[in-house]
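Inspection log for the structure reproduced underneath, given as structure tokens.
Computed from the coordinates by the stated procedures, all read-outs in this text should not be read as laboratory data. What you see is a predicted model; the values in this text were computed from it and never measured. Neighbour counts are summed over all protein chains in view; Cβ atoms, including those assigned to glycine, are modelled from backbone coordinates with ideal geometry.
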Amino acid sequence: MIADSMTNKKVTLIFFICLFLGGAMAGRGQSVADDKSPVAYVNPYMGNISHLLVPTYPTVHLPNSFLRVYPERHDYTGDRLRGLPLIITSHRGSSAFNLSPFQESTAALQPVVSYSYDNEDIRPYAYSVYLDEQQIEVGFAPSHQSALYQFDFERDESVFLAINSRNGTLKWDGKALSGYQDIGNRTHVYIYLEPEVAPRKVSVLRDGKLTEGTVAEGRSACVVLQFGDGTETLRLRYGISFIDADQARKNVHREIKNYDLTALQEAGKKVWNDALGKIEVTGGTDNDKAVFYTSLYRTFERPVNISEDGRYFSAFDGRVHADKGIPFYTDDWIWDAYRAHHPLNVLIDSKKEEHILHSFVTMAEQMEHFWLPTFPEINGDSRRMNSNHGVATLLDAYVKGLKGFDLEKAYQAAKGAITEKTLAPWSGAPAGELDAFFKKHGYIPALREGEKETIPEVNNFERRQPVAVTLGTSYDIWCLAQLAKALGKKEEYEFFLKQSFNYRNLFHPETHFFHPKDDKGEFIEPFDYVFSGGLGARGYYGENNAWIYRWDVQHNIPDLIALMGGKEKFVENLDDMFNQPLGKSKQDFYAQLPDHTGNVGQFSMANEPSLHIPYLYNYAGQPWKTQKRIRTLLNEWFRNDLMGVPGDEDGGGMSAFVVFSKLGFYPVTPGTPVYSIGSPVFERAQVKLANGKLFEVIAENVSDTNKYIQRAKLNGKTLDTPWLSHTDLINGGKLELVMGDKANKSWGIAPQK
């Protein structure tokens, strides 16, 4: 009895300890264990430490909204914050305006204060941090075009707020601060900032000294608001605009009626759950869900809707336009976004995708030449990278039933971008000598090592990238041919369809690689398929070497298989890529090919031209290898940690690959209404389609080891091919897969219908 009594006391004690600890933890906010909503799984820190080049950024914003911020520091491990951001105007850019609360001697005050910090917490809809030396608690919440900061001060001293414009003007009018920053190409970003209580004094910080005044102009323009001793909490709301400061005022007054930080954060959380909740997943681990929903969150970072009360400023012609009820989107790096990012929009938000594509066509109309953009940003089209893959986004949307853009105008804009603008990478110049050669001979000619460039439109650093441009343009021209066919332009269809085979002109029949040729039609020799081409292999390819561009024929995979001698040889060449060593030390390899990271042999998981490659086994009758490879790559390179993204994630392009692949299918060829089946990660995934219907993927027995499809049904009927049609998806239905730990090598080998 005594023993029983002691046991009961211990149990009771343990119970109360657990109850106390549970309450203490609850007081620190909900954890993922408590909150199972989609946004609770998002980890903005995932990938914030780069394997080599650019990391991900822990961006705080609402889906596709133009007000976005992230803490500014050298990188995730940076020990100091550079002020507090008010708006990041471009992906990976710096904040146009900075805000710096300060409580020390004004002799140390700078336009942007460097902070020691701790206890930082970032959610998609909220930011908080403790500025430990200043002893200031910071809270933040965004809306679409406005945001709210709250500062809690521990010290009983005067409070100063320094607001900085890197290059512009700031003015205090007695109630609010307004101004702008010039971000280039006739584009200004405007601010209207309103504190909850009026400052006691307003000054201008110039050359390290505070002087009387209410207007600051030029570089590092800085106005300082001073509040009295005993200020414990200070809140301010602000709006951002690309039209003018008055529109910024309207934006904040429309979106933020008061200074309630918690309410704004809760509203933002709901917006995110609505967006991320378009796909619901069941099963898998919390880490699986974190990687999935973090990847999905990143697909909402770009492009951004810049319409403001039915108007928008366009950097493409420097004017303000009425949007006529169709939101205007920009900041879209189409070179990689066409592969999976845009196809994902088609599935879960087709109306938004129609608005984006309408914006593309409108941009073309607004620019000097009626050419589809390649890299539309806030301040115009930067014409980066190679090829003009906007045409693929237009075709993909059209063949999947989207009609919310003018197809004839879209075709003409795409045609102009491909046939009238130069194909030279990173150039917006009209077509020239290089393009005339391409039209006559069907490929971009390469220079031999040491041969001097003489064509003016070729970028000195990016070079010709002749193989990458020839292959990418062949695909773009195929897309153009399909649009011509849809419009009944028979002659143009036949003309462009013939040109879409131009990739054949660089195929080396002995090595089975796409090999550069000179202007005489001779293959460049000697040649190294790993290292020839200089930095980033740009002399011949682009960021990636020949092993990646070997598979860059998305539009005609059966022909690529035939060129390589059939399915068996095709698979042998795929296997060889994953087995090839780097060829040099890692130091030497990455010094020359810094974008070609995330390696499995010569395959690069870190660069977007690789994304479709693991799915190519499906086309050669060995889908079990696709299933194995996809799961291996996801587990190796996409993880819920600080280095959990293998390379240069361009605001959704690579993350969309993760979303599709974890669901179990992928759009290998944008422009065809077909998806290639891989290996789903979750027991059940429900995709809430834009038309209100539901598509489900059910994977019975799925696990880390049970990654192989044993048998399959689509809407109750046996499925024996590793493909889904878009019609199968968009009409709603159910894909049922039975998974196992050993490959069923006889499943999925039936030819594509």
Looking only at lysines whose Cα falls under 22 Å of LYS209's and that sit 8 or more positions away or on another chain, we get LYS171, LYS201
Counting only DSSP beta bridges with both partners in the chain, the antiparallel fraction in percent, to the nearest 5, comes to 95
Env charge @ ASP323, Cβ radius under 13 Å, K,R +1 / D,E -1, value +1
Per the C-alpha gyration tensor (a ≥ b ≥ c, the square roots of its eigenvalues), segment 59-275 is rounded if a/c is under 1.5, else prolate if a/b beats b/c, else oblate; here it's rounded
Within segment 380-474, DSSP-loop GluC sites (Glu not before Pro) with at most 16 other C-beta atoms within 10 Å are GLU420, GLU449, GLU451, GLU453
Applying the gyration tensor rule to the Cα atoms of segment 82-129 (axes a ≥ b ≥ c; rounded if a/c under 1.5, else prolate if a/b exceeds b/c, else oblate), the class is oblate
Simple SL model, points at 7 angstrom along Cα→Cβ for ILE49 and ASN635; separation in nm is 2.3
Number of Lys pairs in segment 308-421 closer than 16 Å at Cα, excluding neighbours under 8 places apart unless interchain, is 6
In debye to the nearest 20, the charge dipole size for segment 185-265, taken about the Cα centre with +1 at each Lys and Arg Cβ and -1 at each Asp and Glu Cβ, equals 200
Taking a straight Cα-to-Cα line shorter than 17 Å from LYS567, and setting aside same-chain aspartates and glutamates fewer than 8 residues away, one finds GLU510, ASP552, ASP559, ASP575, ASP576
Taking a ≥ b ≥ c as the square roots of the eigenvalues of the Cα gyration tensor, with a/c under 1.5 meaning rounded and otherwise prolate when a/b exceeds b/c and oblate if not, segment 323-480 is prolate
Ordering 253-262, 182-191 by per-residue average of other C-beta atoms within 10 angstrom, highest first, gives 182-191, 253-262
Charge dipole of segment 59-275 built from unit charges on the beta carbon (Lys, Arg +1; Asp, Glu -1), centred at mean Cα; most positive-end Cα among LEU177, TYR125, THR106 is LEU177
Given unit charges at Cβ for Lys, Arg (+) and Asp, Glu (-), the dipole magnitude of segment 308-421 about its Cα centre in debye, nearest 20, is 240
Residue by residue through segment 221-235, the couplings from Karplus 6.51 cos²θ - 1.76 cosθ + 1.60 with θ = phi - 60°, in Hz, x for Gly and Pro, are 4, 9, 10, 10, 9, 10, 10, x, 4, x, 5, 9, 9, 9, 10
Residue by residue through segment 372-378, the couplings from Karplus 6.51 cos²θ - 1.76 cosθ + 1.60 with θ = phi - 60°, in Hz, x for Gly and Pro, are 4, x, 10, 9, x, 10, 4
For 598-606, 313-321, ranked highest to lowest by mean beta-carbon neighbours within 10 Å, the order is 598-606, 313-321
For segment 59-275, the dipole about the Cα centre with charges only on Cβ (Lys and Arg +1, Asp and Glu -1), to the nearest 20 debye, works out at 940
Rounded to one decimal in nm, the spacing of the 7 Å Cα→Cβ label points at GLU700 and SER94 is 5.9
At the level of C-alpha centres, the distance separating segment 337-391 and segment 270-300, in angstrom, is 25
In whole angstrom, the spacing between the Cα centers of segment 479-540 and segment 114-157 equals 53
THR705 neighbourhood, Cβ < 10 Å, K/R = +1, D/E = -1, net charge +1
Check: C-alpha center segment 622-690 vs C-alpha center segment 198-249, spacing in Å is 46
For the pair ASN505 and ASN273, the simple spin-label estimate (label points 7 Å beyond Cα toward Cβ) gives in nm 5.7
Expected sort for 690-696, 58-64, 558-564 on mean C-beta neighbours within 10 Å, highest first, is 58-64, 558-564, 690-696
Ordered by number, the GluC sites (Glu not before Pro) in segment 490-594 that occupy a DSSP loop and have at most 15 other Cβ atoms within 10 Å are GLU510, GLU522
Summed over the other residues with a beta carbon less than 11 angstrom from that of SER661, with K and R at +1 and D and E at -1, the charge totals +3
So the angle from the long Cα axis of helix 245-255 to the longest Cα principal axis of the chain, reported in degrees to the nearest 10, equals 90
Output for segment 289-360: GluC sites (Glu not before Pro) sitting in coil per DSSP, at most 11 other Cβ within 10 Å, listed by number, reads none
Any residue on another chain or 5+ positions along whose placed amide H is under 5 Å from the amide H of GLN465 is listed here as TYR540
Helix 350-366: inclination vs the chain longest Cα principal axis, degrees, rounded to 10, gives 80
